[in-house]
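*Asks:* Input: one structure, supplied below.
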Ligand code: B12
Ligand code: SF4
Ligand code: SF4
C-alpha cells in the first residue's frame, strides 16, 4: 500500500479504527458491508496551486477533487483486489460516513483550527481529506497501527475569527455554518444585496478562503505536489467563460455540483461589479 501511495504522490496518511471516529452517515457503512471493527486510512490531498485565483477560492479554482478521488479509486481498487482478494475496501471523500476533520486529527495527521479545518504543518489547511475504509488490518496493508491520540487544536490566535465576514467564529455571537460565506456562494435562489456585497468584498464568487488566508500556519505553507491540482487552474471566472464550457469541461469543476444557474448568478454579480 505504501508503494502505491508513494507513486500517487500521497505522502500524508494514517490509519484510524472506526470505533474512534465520529460516525455521521452510518448508512454508508452498512450499504458497503462494513462492520464496526473496520478502520480507515485517512489521506490528505494538498491542493493549493501556484496559480493564485483572482475571484475564486483555491478549492474552486482547481479541478474537482471528487473527480480526482474517483480516478484514484479506480486505480486503487484494482491494486487492492489483486493484493487482498478477500478484503472489503471503499474510498470516500466528502460524502463520507465519518467526520473527516476529526478522524484526520485523531489519526495524527494535523490539528483542528478555530475555523474548524484540519491544519497541517506543511500545507496548512489547504488539504482535501479522503479515506479508504477497510476491514483489512493495517499490518496486512503495511501501514502503521493506530496509536490513540487526543484532539489537538491550533494556537487560537483569533485572526480567523476577526477576519471572518460572516462572524462564524465570534465568541460573543457565533453564526451557524449556513451563514458561512462559502455556504452563501453555493446556495440556490437569489442572493440578497448584502450577501452579494459580502461575496464581492471578499474576493471569491465560489467558496471562501478568508479564514485560511489569514491563518499564521498558511504563511510558509507549501504548494501541492499533485499534478492534477496544478493543471487547468481557473484564476478568473466570468459568465463568458462559464458559457463557453462544454458539459464535459463544466462537470470537471468544483462549482458544477449546483448546476450552471448558481455559478452563473454569481458571475453575473461579478461581471456587473467589473463594469461599474
Ligand atoms: C457540510 C460541509 C461544509 C459546509 C458546512 C461546514 C461545516 N463545518 O459544517 C460549508 C458549505 C459551509 C463548508 C465550507 C467549507 N468547507 Co466543507 N465540508 C462539509 C462536510 C461535507 C461535512 C461537515 C460536517 O457536517 N461535519 C460534521 C458535523 C458534526 O459538523 P461540525 O460540528 O460543524 O464539524 C466540525 C467539528 O466536528 C470540528 N471538530 C471535530 N472535532 C473537534 C474538536 C474540537 C476541539 C474542535 C474545536 C472542533 C472539532 O471539525 C468539523 C469540521 O468542520 C465536510 C466533509 C466531511 N464528511 O466531514 C467538508 C469539509 C469539512 N469541507 C472542506 C472545505 C475545504 C471547505 C472550505 C474550505 C471550502 C471553501 N474554500 O469555501 C469551506 C470552509 C468553511 C469552514 N471554515 O468550515 C474540507 C476541509 C478540509 C480541511 N483541511 O479541513 C472537508 C473535510 C471536505 C474534504 N473532504 O476535504 N463545508
Ligand atoms: S487563524 Fe489563528 S485561531 Fe484561526 S485557525 Fe489559524 S491559528 Fe487558529
Ligand atoms: S470560510 Fe469564510 S465565512 Fe466561512 S468561516 Fe471561513 S472566513 Fe468565515
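*Asks:* Looking only at residues that are under 22 Å from the mean Cα position of the chain (by Cα) and touching a residue at least 60 places away in the same chain (Cβ under 8 Å) in the range 178-203, which one is surrounded by the fewest Cβ atoms within 10 Å (Cβ to Cβ)?
*Replies:* 188
*Asks:* List pairs: first in the range 143-169 and under 15 Å from residue 216 (Cβ atoms) and within 13 Å of ligand 1 (Cβ to nearest atom), second part of a loop (DSSP other than H, G, I, E, B) and modelled with pLDDT under 95, Cβ under 7 Å, 6+ apart or cross-chain?
*Replies:* Close Cβ pairs satisfying both conditions: 160/169; 161/169; 161/170.
*Asks:* Only one of these is free of Cβ contacts under 8 Å to residues at least 60 places away in the same chain and either touching a helix residue (DSSP H, G or I) at 6+ places or on another chain (Cβ under 6 Å) or over 18 Å from residue 24 (Cα atoms) (or both): 100, 70. Name it.
*Replies:* Of 100, 70, the one residue that is free of Cβ contacts under 8 Å to residues at least 60 places away in the same chain and either touching a helix residue (DSSP H, G or I) at 6+ places or on another chain (Cβ under 6 Å) or over 18 Å from residue 24 (Cα atoms) (or both) is 70.
*Asks:* When the range 68-120 is examined, which residues are found to be part of a helix (DSSP H, G or I) and either at pLDDT below 95 or under 15 Å from the mean Cα position of the chain (by Cα) (or both)?
*Replies:* 68, 69, 70, 100, 101, 102, 103, 104, 105
*Asks:* For the range 152-177, which residues satisfy the criterion of being within 13 Å of ligand 3 (Cβ to nearest atom), under 21 Å from residue 111 (Cβ atoms) and surrounded by 15 or more Cβ atoms within 10 Å (Cβ to Cβ)?
*Replies:* Those that are within 13 Å of ligand 3 (Cβ to nearest atom), under 21 Å from residue 111 (Cβ atoms) and surrounded by 15 or more Cβ atoms within 10 Å (Cβ to Cβ): 159, 160, 161, 163, 164, 168, 169.
*Asks:* Let me ask another. For residue 274, work out the one condition from (1) over 20 Å from the mean Cα position of the chain (by Cα); (2) surrounded by 12 or more Cβ atoms within 10 Å (Cβ to Cβ); (3) more than 30 Å from residue 110 (Cβ to Cβ) it doesn't fulfil.
*Replies:* (2)
The values are calculated or read from the model by the stated rules, or taken from the named source; none is laboratory data. Predicted, not measured: the structure shown is a model, and the values here were computed from it. Heads up, the Cβs are rebuilt from the backbone with ideal geometry, glycines too, and the neighbour counts pull from every protein chain shown.
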